[in-house]
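Asks: The structure under discussion is supplied below as structure tokens; questions concerning it will follow.
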Amino acid sequence: MVLENLKKIKIMKYIYALLTLVCCSFWSDSSVLAVPGPPTEQLKPTLNALIDILLDPSLKGEGHKVERRAKIMGHVTQGFDFREMSQRVLGRDWKGLPPEKQDHFQKLFTKLLENSYIGKFESYSGQEIQYIGERLKGDRAIVSTQIENNGQLIPIDYIMIKKEARWMVYDINIEGVSLVRNYMEQFKSILRRDKFEGLVKLLEEKNSSFE
């Protein structure tokens with residue numbers, strides 16, 4: 001299946017899962033909401049909030065999966081611009097869709113990311129994240145970090161867009177591989193062959209398979 005043929009090394013799927021959710025939980029901290037700051041400063045205070053969920057013994061195990069997933073997604077949906085992501089992975093096909101189809105695709109794509117990645121980071125055990133720097137240009141920013149994994153430092157860039165006072169993540173780049181571009185390339189071939197309706201059907205089937 002095309003969706004399974006991701007161009008990433010094995011470890012990247014785990015790190016995408018962990019760091020996508022880490023960077024998506026910006027707004028869990030009330031002080032961040034009250035005093036918006038630069039992209040990096042909006043990212044840092046959120047790490048402990050998410051790590052607390054990951055390491056909370058009361059949320060471990062299959063029996064607490066629903067509660068754990070709800071807490072994680074509560075952070076994710078506030079800090080990740082899924083609308084921007086959905087528009088970018090569809091490219092020019094997005095503009096030709098009526099609002100209701102845009103909304104439906106966004107829902108399916110968000111669910112795909114949730115299903116594909118959340119289960120991959122439950123073995124998180126406190127890997128160190130180092131902040132390297134940030135670059136800003138207008139309403140766009142890149143926050144560069146590194147994460148230690150099995151003795152190796154993996155570079156991760158958070159690609160962000162400013163919406164009003166909030167910096168929202170819409171892509172993650174790991175070792176030169178973009179999450180958005182990865183899906184965009186996969187979806188492009190599906191759209192060319194099966195049109196938008198075929199892509200929607202494939203996403204629905206993929207999400208159903210997780211259930």
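Asks: Which residue pairs have Cβ atoms closer than 9 Å, lie 6 or more positions apart in sequence or on different chains, and pair a first residue in the stretch 114-141 that is over 15 Å from residue 39 (Cα atoms) and among the hydroxyl-bearing types (Ser, Thr, Tyr) with a second residue that is exposed (fewer than 14 other Cβ atoms within 10 Å of the Cβ) and modelled with pLDDT of 75 or more?
Replies: 116/210; 124/55; 125/55
Asks: Please go through the stretch 157-183 and pick out each residue that is crowded, with 16+ Cβ neighbours inside 10 Å and either aliphatic (A, V, I, L, M) or part of a helix (DSSP H, G or I) (or both).
Replies: 159, 160, 161, 168, 169, 172, 174, 179, 180, 182, 183, listed by residue number.
Asks: Collect the residues in the stretch 106-155 that are surrounded by 14 or more Cβ atoms within 10 Å (Cβ to Cβ), hydroxyl-bearing (Ser, Thr, Tyr) and modelled with pLDDT of 80 or more, keeping them in residue-number order.
Replies: Correct list: 110, 116, 144, 145.
Asks: Could you tell me how many of the residues in the stretch 50-86 are outside any helix (DSSP H, G or I) and either loosely packed, with under 15 Cβ neighbours inside 10 Å or basic (Lys, Arg) (or both)?
Replies: 3
Asks: Can you find a residue that is among the polar types (S, T, N, Q) and under 15 Å from residue 184 (Cβ atoms) anywhere in the stretch 86-96?
Replies: yes
Asks: Tell me yes or no: at least one residue of the stretch 201-210 is at pLDDT 95 or above, farther than 29 Å from residue 138 by Cβ and aliphatic (A, V, I, L, M).
Replies: So far as the stretch 201-210 goes, yes, one or more of its residues are at pLDDT 95 or above, farther than 29 Å from residue 138 by Cβ and aliphatic (A, V, I, L, M).
Asks: Can you tell me which residue in the stretch 184-211 is farthest from residue 144 (Cα to Cα), limited to those that are of a type in the set (Asp, Glu) and surrounded by 13 or more Cβ atoms within 10 Å (Cβ to Cβ)?
Replies: Filtering first and then ranking leaves 194.
Asks: Here's another thing I want to ask about it. Which residues, taken from the stretch 48-107, are under 14 Å from the mean Cα position of the chain (by Cα) and of a type in the set (Val, Ile, Thr)?
Replies: Within the stretch 48-107, 72, 76, 77, 89 qualify.
Asks: Shifting gears a bit: Looking at (1) part of a helix (DSSP H, G or I); (2) small (Gly, Ala, Ser); (3) more than 19 Å from residue 171 (Cα to Cα), which is the only condition residue 96 fails?
Replies: Every listed condition holds for residue 96 apart from (1).
The values are calculated or read from the model by the stated rules, or taken from the named source; none is laboratory data. This one's a predicted model, so the numbers in the text were calculated from it and none came from an experiment. Cβ coordinates were reconstructed from backbone atoms using ideal geometry, including for glycine residues, and neighbour counts include every protein chain displayed.
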